[in-house]
Amino acid sequence: MKISGLSQACENNKEPILAQLEHMFAHTNTVLEIGSGTGQHALHFAPRLPHLIWQPSDLAYNHALINEVISYAKSGNIASPLALDLAEPWPVERVDGIFTANTLHIVSTDLVVSFFAGVAKHLATNGVLCIYGPFNYQGEYTSASNAQFDAHLRARDPQSGIRDQEWVVELANTAGLELKADVAMPSNNRLLHFVRR
C-alpha cells in the first residue's frame, strides 16, 4: 500500500498480536475495534480471522484513512467504520468481542472510565475483551523507554499516560469482566485478555 499516514508501530506489532487473537477470538462472531486509527489492524486481522466480522470504529475525522486502508481488503468480513466517541453513547447494540490497541494511554483518565462503562453495556455475557499497549505494574515502569514515552504523553496532555495494570483490571472487574491472561508482547507492551462473566 502506498498510503500516507500509516503507522510503523502497527506494522511491527500486527503479527504478534494476531498470534494471540487467533485463540482469544476463536469463538467470537463480531469484534468491535475501539480506536481503529489507520485501519491497519483491521486490514491485517480480519482476513486471518474469517469466522468473524471485524467492526472498526473511531472518531469521524479518521474514517477517510480507515476506509482507504480497508479498501485493500480481499476478504468481505470488515464492516464500514462506525463513528464512536468514548464520551458519547456507542452506536452498537451487543457484540461478543472488543479489541483496542494503544488507546488507553492516549485518551484521558475520564475516557478510560467511559471505555469500561461502554464495555459493561455492550459486551455480551462470555464476550471477550482484548487490550493491547504498555502498562505499569504497582506504579512502576517496565522499561526506561516506557518512562520516556509516558513523560512525552503527559507533557502533551496531563490526563493521558501509561496506566497501571491493576487499575485497569479493577475497572474491568467492576464492568463484570475477569482477567484470563496478561501476555508479554514485544517492545514492552502487554495484551490483556478478559472475559465477561
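Can you classify the stretch 1-109 as rounded, prolate or oblate using the Cα gyration tensor, where a ≥ b ≥ c are the square roots of its eigenvalues, rounded means a/c under 1.5, and otherwise it's prolate if a/b beats b/c and oblate if not?
Note, shape of the stretch 1-109 comes out rounded.
Please label the shape of the stretch 61-127 as rounded, prolate or oblate, based on the square roots a ≥ b ≥ c of the eigenvalues of the alpha-carbon gyration tensor (a/c under 1.5 means rounded; beyond that, a/b larger than b/c means prolate, else oblate).
The shape class here is oblate.
Considering the values [x] 87, 37, 31; [y] 44, 39, 35; [z] 43, 40, 32, which represents Cα extents along the principal axes in Å as calculated for the structure under consideration?
[z]
Step through the residues of the stretch 182-197 one at a time and calculate ³J(HN,Hα) from phi using the Karplus curve (6.51 cos²θ - 1.76 cosθ + 1.60, θ = phi - 60°), rounding each to whole Hz and writing x for Gly and Pro.
10, 9, 5, 10, x, 6, 6, 9, 9, 10, 8, 10, 10, 10, 6, 6
Counting only residues 5 or more places away or on other chains, whose amide H sits under 5 Å from the amide H of Ala181 once H atoms are built in the peptide plane?
Hits under the 5 Å cutoff: His193.
Over the chain, calculate the relative contact order: mean separation of alpha carbon pairs under 8 Å at least 6 apart, over the residue count, as a percent.
19 percent
If you filter the stretch 1-96 for trypsin sites (Lys or Arg not before Pro), then keep DSSP loop positions with at most 16 other Cβ within 10 Å, what is left?
In loop regions of the stretch 1-96 (DSSP not H, G, I, E or B), the sparsely surrounded trypsin sites (Lys or Arg not before Pro) are Lys2, Lys74, Arg94.
Under a crude label model (7 Å from the Cα following the beta-carbon direction), how far is Ser71 from Ala144 in nanometres?
Simple spin-label model gives 4.5 nm for this pair.
Do you know the Lys pair count in the chain for C-alpha distances under 24 Å, with sequence separation 8 or more or different chains?
Counting lysine pairs in the chain gives 5.
Count the net charge of all other residues whose Cβ sits under 14 Å from the Cβ of Phe25, scoring Lys and Arg as +1 and Asp and Glu as -1.
0
Just so you know, all these numbers are worked out from the coordinates, no wet-lab data involved. Everything numeric in this text was worked out from a predicted model, so none of it was measured. Neighbour counts run over all protein chains shown; Cβ positions are idealised from the backbone, glycine included.
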